[in-house]
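Below is one structure, written out as structure tokens, with a few remarks after it.
The values are calculated or read from the model by the stated rules, or taken from the named source; none is laboratory data. This structure is a prediction, so every number in the text was calculated from the model and none was measured. A quick note on method: Cβ atoms are made from the backbone with ideal geometry, for glycine too, and the neighbour counts reach across all protein chains shown.
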Amino acid sequence: MFRLSIILPLVCVFSVNGDYYSAISELERLLDVEAFIVEKFDEYLERAHREQENLKRFLDQIAEQQNDRGDLEEYFGNPINAFITIKRLVHDWKFNVFDPLFDSSNFETYKNNLSDSLEKINFKGPTQEDLHGATRALLRLQNIYQLNTDHLASGVLLPGEMNPLGTSLSASDCFELGKNLCQIKEYSYGSEWLLEARKRLHGKPLGFISPNVSDVEILEHLSPAFNGLGNLKLAHKLNNEILDKKPDHEDALKNKILYEGQLARERSFVPREQAELPQKELKESYKLYTQVCRGELHQSPREQRNLRCWLSHQGVLYYHLSPFKIEQLNIDPYVAYVHEVLWDSEIDTIIEHGKGNMERSKVGQIENSTTTEVRISRNTWLWYDANPWLSKIKQRLEDVTGLSTESAEPLQLVNYGIGGQYEPHFDFVEDDGKTVFSWKGNRLLTALFYLNDVALGGATAFPFLRLAVPPVKGSLLIWYNLHSSTHKDFRTKHAGCPVLQGSKWICNEWFHVAAQEFRRPCGLSSDEGKFLHLKDK
């Protein structure tokens, strides 16, 4: 873009000579310079007008989305809304507003004022890593729930639905997804998203949303993606399409030589050396987990025939009037729902006390814990001593489980976001808890409160039990992690299915072996080594 900083010095060069007034012939040169300046300013104003109109439409679109967001939990429970919001702040504002605005005008002062204002409110925007995380989340949802790419791009999650998410992805959004997936060598889904971007680009004008995305840019990633998938002929064809549009495209010219050489070797029956894509070694428990989450694998009627529901006061006089509603889900190991354990007011209080203190969830023992894609959530801890209002909930946990909270941990509040999940794991620790939990011993029982309903996904899955327990607001899910002899029960491996739509809030309590001697006496026979074959599956 022609700038004033370039034009004005140019005018001054012609002016300081002082020879223009002495001859008419020199004035013709001035007129040529002036015509050149007018031409450049016309281009500048026309471009500035287009940018202004684009900026206005972009801001109008943002304002419309802000007005339509409604309840934030519900809004960001929509995985596409969550992805688009992150992508908009990482990508769209940069390429549609700041880059053209700051590149075309002298806005250094404005930029500094804007930066100072953001620093004053301690604003930290999403990073490229956040965008990559959102991309991996959508990939996880597609993988586990086997979602169709073009349906997901149109906001459709289940067959037969129209657009339950109420939104859809643009060509630019699909391109960004496909590009990011190809960067992590997820060529299969990456190529699908790039093809979807191309379809949407040709289907209707891309408009002001991302004018920097073109058919050539899509092909630049799509051709190598098909080469990575082993489809050399299609990769070569798409590469030629790039050269048809831009004959001097440097990378496409290099790839043309590469692809044609590989095709020549194939025609000569010379085996093509093909780098095998790194494949994640999937454990049996992970495969079962995905099947359980999709509802493809479940308990048989024979396994369920002895399960029952009942009202129980658990030996506490108070609950004779208002007994617990218990739903048995598995007999051995024991897994059960206890319904309507928390009041809505208690749930609201728990979440309000946790908000603002959440941090990325980690896995592993405390001294070696780290963030990982295995667990996608944020959590915080609520200590009983620091929160006296938890005393009623603490007592209720003792009443419903029959166990003592003397050796229990503080409550852990957890929130799962876009594609939030926790892959199969055990709640007990491998060293019997002697190092990690000291005198408390290992985790005997897990008590998991569901603090809200989840529209789609988010069940607690037990792969080896072929059991998926969907979130029911106010209910408590309990299961024993150890045999009656306090040895580890490897059948209790469990996982949090990805949240497909909605937001998932849970609250965990772990009861330990210590202080349970008179409440749950140990069994008289050893269960050590039982189901040991499931340990590493």
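On the stretch given as segment 277-307, residues that are at pLDDT 90 or above, hydrophobic (A, V, I, L, M, F, W, C) and within 24 Å of the chain's Cα centre (by Cα) total 3. Would you mind stating whether SER438 is hydroxyl-bearing (Ser, Thr, Tyr), out of contact with any helix residue (DSSP H, G or I) (no Cβ under 8 Å at 6 or more places or on another chain), free of Cβ contacts under 8 Å to residues at least 24 places away in the same chain and surrounded by fewer than 23 Cβ atoms within 10 Å (Cβ to Cβ)? Yes.
Checking each residue in segment 331-390 for being among the acidic types (Asp, Glu) and more than 30 Å from ASN306 (Cβ to Cβ) picks out ASP344, GLU346, ASP348, GLU352, GLU359, GLU367, GLU373, ASP385. Hey, HIS151 hits all of (1) farther than 16 Å from ARG294 by Cα; (2) of a type outside the set (Val, Ile, Thr); (3) under 16 Å from the mean Cα position of the chain (by Cα); (4) not in a loop (DSSP other than H, G, I, E, B) but one; which does it fall short on? Here HIS151 meets the rest and fails (3).
Among the residues of segment 417-473, those identified as on the phi > 0 side of the Ramachandran plot and touching a Pro at 6+ places or on another chain (Cβ under 9 Å) are GLY419, GLY457, GLY458.
If a residue has to be surrounded by fewer than 16 Cβ atoms within 10 Å (Cβ to Cβ) and either over 21 Å from LEU448 (Cβ atoms) or among the polar types (S, T, N, Q) (or both) to count, how many in segment 367-391 make the cut? Within segment 367-391, residues that are surrounded by fewer than 16 Cβ atoms within 10 Å (Cβ to Cβ) and either over 21 Å from LEU448 (Cβ atoms) or among the polar types (S, T, N, Q) (or both) number 11. Among the residues of segment 154-183, what is the count of those that are among the hydrophobic types (A, V, I, L, M, F, W, C), at pLDDT 90 or above and under 16 Å from the mean Cα position of the chain (by Cα)? Within segment 154-183, residues that are among the hydrophobic types (A, V, I, L, M, F, W, C), at pLDDT 90 or above and under 16 Å from the mean Cα position of the chain (by Cα) number 3. When ARG88, ARG29, ARG50 are checked against the criterion of being of a type in the set (Lys, Arg) and modelled with pLDDT of 80 or more, ARG88 stands alone in meeting it. Segment 352-430 holds strands (runs of 3 or more DSSP E) entirely within its bounds, and those carrying 1 or more residues that are within 16 Å of the chain's Cα centre (by Cα) and touching a residue at least 60 places away in the same chain (Cβ under 8 Å) map to 411-416, 421-425. Give me the residue from segment 322-341 that is part of a loop (DSSP other than H, G, I, E, B) and in contact with a Lys or Arg (Cβ under 8 Å, 6 or more places away or on another chain) and, out of that set, nearest to LEU445 (Cα to Cα). Filtering first and then ranking leaves PRO333. A Cβ distance below 6 Å, combined with a sequence gap of six or more or placement on separate chains, defines the contacts here; from segment 305-322, residues that are touching a residue at least 24 places away in the same chain (Cβ under 8 Å) reach residues that are among the acidic types (Asp, Glu) and part of a helix (DSSP H, G or I) in the pairs GLN314/ASP399; VAL316/ASP399.
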